[in-house]
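**Q** For reference, the structure I am asking about is given below.
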Amino acid sequence: MSWRATILTLFPEMFPGPLGQSLAGRALKDGIWALDALQIRDFATDKHRTVDDTPCGGGAGMVMKPDVVDAACAGADIGARELVYLTPRGAPLTQAMVREFTAGPGVVLLCGRYEGVDQRVVEARGMREVSVGDFVLSGGEPAALVLLDACIRLLPGVMGAAESADEESFSAGLLEYPHYTRPADWQGRAVPPVLLSGHHAEITKWRHAEAERLTRERRPDLFNQYLAAARGPLARPPAAA
Ligand code: ADE
């Protein structure tokens, strides 16, 4: 059985979108994963097919109605899959979370529009709230595409074994080292000589050092996590004197 993604959205035409191309598109055609995008409006029951209403307490924008979203969830055949609500208020998406999603049978992704979704249905359905970054998109759809792309490349048979192994190994927790190809000199800029030396141990050492340097400079938050993990899970910071 393939890994299955169900999208609940007011814009089902946005899917598969970019995921119909390249690596993910090939995997979709090969049946490694399956996609269905459900139109939330199809679950509205009034004659105008209303999906939203004004926010209680006032303010700008519209809120997606809990009854309609709940009916869409009921129509999604969730089974053992995780129900994820894409929202900038959610927990930040991480590679560890992506691995967790790919280990299961698939995901159901709720894409909000307007100001968001009535919080009661989020709670009642036990949705996992996930954000793809500290910025506000006009809807959850591009966030769903991001989450799916990250999951699909990890599914067995999508990437070569070499790349997947690398993802799990020493590079984990660090930003990746920089890449170079020929020519050896381009506009007066040289490829780092060690990469042309043919000395594999030295190349591995250089790449690891570059990964550490870049992570320390650009993402001190990740670097501190990496150092803590290297010290071991039971290590405690030294007590104050
Ligand atoms: N919807 C709007 N902005 C979002 C974000 N940053 N992450 C996930 N879903 C969103």
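Bear in mind that the values in this text are calculations on the coordinates, not laboratory data. For clarity, every value in this text was computed on a predicted model and none was experimentally measured. Glycine also receives a Cβ, built like all others from the backbone with ideal geometry; neighbour counts cover every protein chain displayed.
**Q** Roughly what angle does helix 141-152 make with the longest principal axis of the chain, taking Cα atoms, 0 to 90 degrees, to the nearest 10?
**A** That works out to roughly 50 degrees.
**Q** So who's got an amide H within less than 5 Å of the one on Leu35, skipping anything under 5 residues away but keeping other chains? H placed 1.01 Å off N, in plane.
**A** For Leu35, the qualifying residues are Ala5.
**Q** Which of rounded, prolate or oblate describes the chain when judged by the alpha-carbon gyration tensor and an a/c cut-off of 1.5? Intermediate results must be reported in sequence, preceding the final value.
**A** Details: a/c = 2.32, a/b = 1.77, b/c = 1.31.
It comes out prolate by the Cα gyration axes.
**Q** Let me ask something else. Roughly how big is the chain's charge dipole about its Cα centre, with Cβ charges of +1 (Lys, Arg) and -1 (Asp, Glu), in debye to the nearest 20? Working shown, then result.
**A** Details: 25 positive and 30 negative charges, 99 e Å.
Dipole size: approximately 480 debye.
**Q** Let me ask another. When the chain is treated as a GNM, springs tying every alpha-carbon pair under 10 Å, which of Arg113, Arg49, Arg81 comes out with the largest mean-square fluctuation?
**A** Evaluated over the chain, the most mobile residue of the options is Arg49.
**Q** Per-residue ellipticity at 222 nm for the chain, helices alone: DSSP H runs ≥ 4 residues times -39500 (n - 2.57), over residue total, nearest 500 deg cm²/dmol? Working shown, then result.
**A** Values: 8 runs with 83 residues, N = 241.
Helices in the chain give a 222 nm mean residue ellipticity of -10000 deg cm²/dmol.
**Q** Given an 8 Å cut-off on Cα distances and at least 6 residues of separation, report the relative contact order of region 3-152 as a percent.
**A** Relative contact order here is 29 percent.
**Q** Taking Lys65 as the anchor, which lysines have their alpha carbon closer than 19 Å to its alpha carbon, excluding any fewer than eight residues away along the same chain?
**A** Lys47
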